[in-house]
Every structure is written in structure tokens, then in C-alpha cells.
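K.L.:
The structure under discussion is supplied below as C-alpha cells; questions concerning it will follow.
Just so it is clear, none of the values below were taken in a lab; they were calculated from the coordinates. These numbers come from a predicted model, not from an experiment. Reconstructed Cβ throughout: ideal geometry from the backbone, glycine too, with neighbour counts over all protein chains shown.
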Amino acid sequence: MHSLLEVDRLSKSYAGTGGAVKAVQNVSFIIREGECLGLAGESGCGKSTVARLILALDRPDQGDIRMEGSSLFAISPKELRRKRRLIQAVFQDPSASLNDRLPVWRSVMEPLDNFPEETPPFLSDVKGNRRSTAARLFEMVELGPEYLDRYPHELSGGQRQRVAIARGISLRPKLLVCDETTTSLDVTVQSQVLRMLKQLQRELSLSFLFISHDIAVIEQMSDRIMVMKDGAVVEQFPKEKMWDRNRASYTRLLISSACF
Ligand SMILES: Nc1ncnc2c1ncn2[C@@H]1O[C@H](COP(=O)(O)OP(=O)(O)OP(=O)(O)O)[C@@H](O)[C@H]1O
């Protein structure tokens with residue numbers, strides 16, 4: 001597998017009341033094409049900061065991020081726009097990407113409205129008809145057309161998250177950053193959404209950066225696992241090595257407090 005994303009010695013601090021907070025310190029990892037890298041660690045360890053840096057929602061103090069070999073900090077604005085399309089995200093709170101005042105199908109169409117030239121092949125036969133395009137995307141996240149005209153508050157948490165995922169895949173990204181995507185859902189809905197994400201990963205050859213404080217969910221989804229603590233990487237290992245006796249004591253602590 002080729003590497004899709006390379007993160008090299010990334011650091012980011014924020015000004016805090018008691019001095020600078022080192023949110024991310026010297027973090028390096030790669031994500032290969034079609035692979036799911038799980039990022040585990042307790043609240044405040046820097047997981048979302050890593051996500052924000054990759055999504056270019058924030059700028060690192062140091063370090064580099066390369067997508068398909070090109071540094072995101074050394075390319076032209078035009079090329080950056082193209083690369084950014086290849087990385088999409090689904091957050092814990094879907095309201096970050098859904099407009100309360102619009103029927104959900106309109107929010108789903110927003111990325112395609114911004115990048116009309118980027119219609120992916122699985123939407124080519126409905127191109128030109130925005131509503132049919134949205135309906136196709138809904139179908140891919142297992143939502144019927146009866147949900148198209150609902151407003152976000154008229155959907156369940158799981159349905160809202162499916163809509164956010166439909167929006168996330170609409171431009172056929174290569175990498176989907178899932179930051180606590182299923183954390184707020186009850187266990188049954190969570191397992192349905194996780195199964196659907198796995199299916200989408202196969203169908204669209206997606207890579208995932210799958211972020212969760214719950215290492216049991218991470219284990220279910222990932223090919224490889226990276227554990228963070230206090231802004232730094234504790235260790236990285238293939239999923240099947242999670243139960244090895246030589247795992248770091250912090251990783252073992254996360255495992256022992258999870259429900260498998
Ligand atoms: N904009 C900001 N300003 C100041 N401090 C911040 C900012 N964003 C994050 N931090 C701090 O950086 C550290 C890492 O935060 P981050 O949100 O990345 O952790 P996390 O592992 O994603 O936690 P959670 O799972 O609770 O979201 C925390 O100490 C947090 O308080």
C-alpha cells in the first residue's frame with residue numbers, strides 16, 4: 001500500500017491562562033491508501049488538534065503534512081484547494097456541518113456546489129439534478145428519500161450523523177477524518193454506523209483517521225492503532241498486536257478501562 005498522508009514531527013501549542021499548552025508535540029505518523037489508522041487517547045491528549053491540523057483548520061508551529069507526497073505548506077493555493085478536497089471530516093457534533101435553517105439535503109449538496117467540477121463517478125449519472133444527487137448520497141448512507149426535506153432537528157442523532165457522513169463522502173475524498181463520530185450515539189446505533197462506515201471504506205477505497213477515546217471502537221475499525229498521551233505519541237502498532245504483553249503501560253490502562 002502507498003502512503004497517502006505523511007505527518008512529520010508536528011507540534012502545536014496554544015496560549016493558556018497558566019502558560020502555553022503543548023497540545024501536540026513532535027507527532028509523526030503515516031496513513032496508507034485504503035487503511036484505517038485509529039487514534040486513541042483520553043480527553044485532552046491532543047487528538048482533535050491533530051485532526052484540525054490535518055484539515056488545515058489550524059496551522060502547526062512546527063512540522064510538515066504531506067498528502068500524496070506534496071507538503072500542504074509548500075504548494076500553490078490552487079493545488080492546496082485540490083488537496084483539501086481529498087481530506088474530509090465527520091465530527092462528533094454533526095451540527096458543525098449541517099445548517100439548522102436548511103433542509104438537510106441542501107447541506108449535503110454544499111461541498112459539490114463549491115466544487116462542481118469534482119463530481120465523483122458514482123454520481124455522474126445524476127449530475128445536473130441536485131436533488132437526485134442528494135438522494136443518491138442518502139442511499140449510500142442508508143437513508144431513504146423521505147429524509148431529504150427534513151431539518152436537522154427533525155432527525156435522530158444517528159440519522160444526523162449519517163447525513164454528515166453523506167456530505168463527507170460527496171466529493172469522494174481519499175481520507176475521511178472521523179473525530180469521535182459515533183461517541184454520542186447509543187451502542188446499537190453506534191454499531192450500525194460503524195458497520196456502514198466500514199462498507200463505505202471498501203466501496204470507495206477510503207482511508208480513515210479514526211479518532212476515539214474508546215479503544216474498543218478503535219480496535220473494531222482500525223488496521224493500525226496510534227495511542228497519544230499529553231500531546232505525544234505513546235506507541236503505534238498493528239491492530240492484531242493490541243493484546244501483546246509488551247504494550248506500553250498506558251495502552252494497557254486504556255484497554256483495561258474499555259468495554260470489549
Ligand atoms: N484553541 C485552543 N486554545 C487553547 N487550548 C486549546 C485549544 N484547543 C485545544 N487546546 C488544548 O490542547 C489540549 C489538546 O486538546 P484536544 O482538543 O486536541 O484534545 P482531545 O484529545 O481531542 O480531547 P477531547 O477528546 O476531549 O476532544 C487540551 O489541553 C486543550 O485544552
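K.L.:
Per DSSP H run of at least 4 residues, take -39500 (n - 2.57); add these up for the chain, divide by its residues and hand me the 222 nm value, nearest 500 deg cm²/dmol. Let's see the in-between values first.
P.N.:
Values: 8 runs with 85 residues, N = 260.
Computed mean residue ellipticity for the chain: -10000 deg cm²/dmol.
K.L.:
Determine the shape class of segment 128-174: with a ≥ b ≥ c the square roots of the Cα gyration tensor eigenvalues, call it rounded for a/c under 1.5, and otherwise prolate if a/b is greater than b/c, oblate otherwise.
P.N.:
oblate
K.L.:
Under a GNM of the chain (C-alpha, springs under 10 Å), which listed residue has the highest mean-square fluctuation: D125, D223, D113?
P.N.:
Per the Cα network of the chain with a 10 Å cutoff, D125 tops the list.
K.L.:
Oh, and also: Over 28 Å between Cα atoms, which of K22/K198; K83/K241; K47/K83; K83/K127; K47/K127 qualify?
P.N.:
Beyond 28 Å between Cα atoms: K22/K198; K83/K241; K47/K127.
K.L.:
To continue, here is another question. On a C-alpha basis, how far is the centre of segment 209-246 from the centre of segment 1-68 in Å? Whole number, if you could?
P.N.:
The two parts, judged by their Cα centres, are 15 Å apart.
K.L.:
Scan segment 195-260 for trypsin sites (Lys or Arg not before Pro) in coil per DSSP, keeping those whose Cβ has at most 12 other Cβ atoms within 10 Å, and list them by number. Please report the intermediate quantities before stating the final value.
P.N.:
Numbers: sites: R195, K198, R202, R224, K229, K239, K241, R245, R247, R252; in loops: R245, R247.
Here the sparse-neighbourhood loop sites are R245.
K.L.:
By the gyration tensor of its Cα atoms, with a ≥ b ≥ c the square roots of the eigenvalues, what is the shape of segment 133-204: rounded for a/c under 1.5, prolate for a/b over b/c, or oblate?
P.N.:
Because a/c hits 1.5 or more and a/b fails to exceed b/c, segment 133-204 counts as oblate.
K.L.:
Okay, moving on. Along segment 4-11, what does the Karplus equation 6.51 cos²θ - 1.76 cosθ + 1.60 (θ = phi - 60°) give for ³J(HN,Hα), rounded to whole Hz, x for Gly and Pro?
P.N.:
9, 10, 10, 10, 10, 6, 7, 9
K.L.:
For the charge dipole of segment 115-228, defined by +1 on Lys and Arg C-beta atoms and -1 on Asp and Glu C-beta atoms about the Cα centroid, which residue among Q199, L185, N129 has the Cα displaced farthest towards the positive pole?
P.N.:
The residue sitting farthest along the positive end of the dipole is N129.
K.L.:
Give me the Å³ per residue figure for the convex hull around the C-alpha atoms of segment 95-172.
P.N.:
79 Å³
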